[in-house]
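The values are calculated or read from the model by the stated rules, or taken from the named source; none is laboratory data. All of these numbers come straight from a predicted model, not from anything done at the bench. Here the Cβ positions follow ideal geometry from the backbone for every residue, glycine too, while neighbour counts run over all protein chains shown. Surface accessibility is based on the protein's heavy atoms, side chains included, excluding ligands, DNA and RNA. Shrake-Rupley method; radii C 1.70, N 1.55, O 1.52, S 1.80 Å.
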Amino acid sequence: PVFNIIRRITDFIVCSVASSDICIRYTAENTPFLEKKSDGVLLRSHLDSINKSVAYRWEKDCMDRKIFSALTDAAISGDGIFYCYWDQTKKGAQEFLGDITTEVVDNVNLFVADVNVPDIQSQEYIILAGRKSVRALREEALAHGASEEDIKKIVPDSADSTQSGALSEIELDCEGD
């Protein structure tokens with residue numbers, strides 16, 4: 001019989017961390033810049049509103065599940081990466097269309113300017129690689145004002161060797177011109 005001991009250890013470590021209640025909480029501790037006590041009261045009331053907003057977003061984006069996925073990626077390959085962006089097609093709690101979306105990105109699809117610098121904020125540039133169907137890319141280009149001539153230039157490719165996993169070899173929508 002074959003028993004993968006590394007997988008059991010990885011699962012144990014990931015579950016040990018992920019089973020803890022993880023959240024984001026802002027506090028007014030160590031705020032030496034406040035000169036008046038009334039400023040501290042005002043700051044705490046604003047922080048309460050921010051904490052409620054963060055808790056709402058945490059639940060809405062199912063961050064507990066995404067943290068588990070990112071922790072698994074980090075345990076296996078060293079990094080867990082979240083990508084947050086504004087999705088103008090998503091309906092949020094506000095009156096207008098658009099909301100913040102969070103996705104887990106496989107770390108082999110992240111390219112930075114200098115791989116020897118661990119501080120992601122100091123990188124000159126960051127590239128996230130991914131794949132979408134030709135139809136989805138054409139619709140996105142049309143929504144952003146691309147011309148019909150330019151939209152026709154979007155065609156399927158076979159450059160899947162840089163994508164992680166075997167699923168990158170499969171074009172989900174085989175619609176070419």
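Numbers for the structure displayed
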quantity	calculated
Among the candidates Arg65, Arg57, residue that is among the charged types (D, E, K, R) and surrounded by 15 or more Cβ atoms within 10 Å (Cβ to Cβ)	Arg57
Residues being in a loop (DSSP other than H, G, I, E, B), open to solvent by 70 Å² or more (accessible area, probe 1.4 Å) and not polar (S, T, N, Q) - total across the stretch 104-151	8
Yes/no for Ala74 being over 25 Å from Lys60 (Cα atoms) and open to solvent by less than 50 Å² (accessible area, probe 1.4 Å)	no
Selection status of Thr101, in a helix (DSSP H, G or I), of a type in the set (S, T, N, Q) and surrounded by 13 or more Cβ atoms within 10 Å (Cβ to Cβ)	no
Scan of the stretch 18-49 for residues that are surrounded by 13 or more Cβ atoms within 10 Å (Cβ to Cβ) and either in contact with a Ser or Thr (Cβ under 8 Å, 6 or more places away or on another chain) or modelled with pLDDT of 85 or more (or both), ordered by number	Tyr26, Gly40, Leu43, Leu47
